[in-house]
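*Asks:* Have a look at this one.
The values are calculated or read from the model by the stated rules, or taken from the named source; none is laboratory data. Keep in mind that this is a model prediction, so the values were computed, not measured. Here the Cβ is made from the backbone with ideal geometry for all residues, glycine too, and neighbour counts use every protein chain on show.
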Amino acid sequence: MDCCKRLLTELARPEEDRDGVVPQALWSSALVAYARCFGTGRSSGLTTDDVQNLPLQGAVIKFHTWVIEECNKLAAHPVDPFAAAKIGVVLSPPEQNERRVEGIAIFSTSRVLIDVIGVRQLGGLASELAKQTAGKAQEQQDSVLADAQQLDIESLYGSPPLGTQRPTSGDAP
């Protein structure tokens, strides 16, 4: 959501005042952050069902799928490294007597598609998912609290306190 907010601010600036890398970086970050919430192989995290259950209208699942696919394209290496560029020729004006090739033009293609509508849609989708997740988290917290209140109070006071220190590099899996 924060990347989308910052990106909307950036896109509101006149194009000549923008650094072209900043919108691409923010959009890429937004795509990756969103897709990470749907990672496979985890017991927790969001699913497509969570997206379907949102109170949103329109092609929400289609947009969600597109966002995930765009993120996957960002992370994947192209099969053909030359597919990332298009080369064209610059021709002399057609009305000129001697038609000829005057040069070449090289266009790098980017898969990053950034427009205000897409940014707003992604930000809105992320916001709705955050609300939904907060509701689920509150339900889980209430359940854990109710279970904890049923435990023997003296054994709880006799338990060692939870550690609150930062993990070290040796703690990483």
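*Asks:* Counting only residues that are among the hydroxyl-bearing types (Ser, Thr, Tyr) and touching a residue at least 40 places away in the same chain (Cβ under 8 Å), which one in region 20-42 is surrounded by the most Cβ atoms within 10 Å (Cβ to Cβ)?
*Replies:* Restricting to residues being among the hydroxyl-bearing types (Ser, Thr, Tyr) and touching a residue at least 40 places away in the same chain (Cβ under 8 Å), the top hit is 34.
*Asks:* Right, something else. Read through the list (1) in contact with a helix residue (DSSP H, G or I) (Cβ under 9 Å, 6 or more places away or on another chain); (2) at pLDDT below 90, then give the number of the only condition that residue 50 fails.
*Replies:* (2)
*Asks:* Provide a single number: the residues in region 43-60 that are exposed (fewer than 14 other Cβ atoms within 10 Å of the Cβ) and in a helix (DSSP H, G or I).
*Replies:* Selection size over region 43-60: 3.
*Asks:* Of all residues in region 1-19, which are without any contact (Cβ under 8 Å) to a residue 12 or more places away in the chain and outside any helix (DSSP H, G or I)?
*Replies:* 13, 14, 18, 19
*Asks:* What do you reckon, is residue 40 among the β-branched types (Val, Ile, Thr), closer than 30 Å to residue 135 by Cβ and modelled with pLDDT of 85 or more? Talk me through it step by step, then tell me what you get.
*Replies:* Values: among the β-branched types (Val, Ile, Thr): yes; closer than 30 Å to residue 135 by Cβ: yes; modelled with pLDDT of 85 or more: no.
For residue 40, the condition - among the β-branched types (Val, Ile, Thr), closer than 30 Å to residue 135 by Cβ and modelled with pLDDT of 85 or more - is not met.
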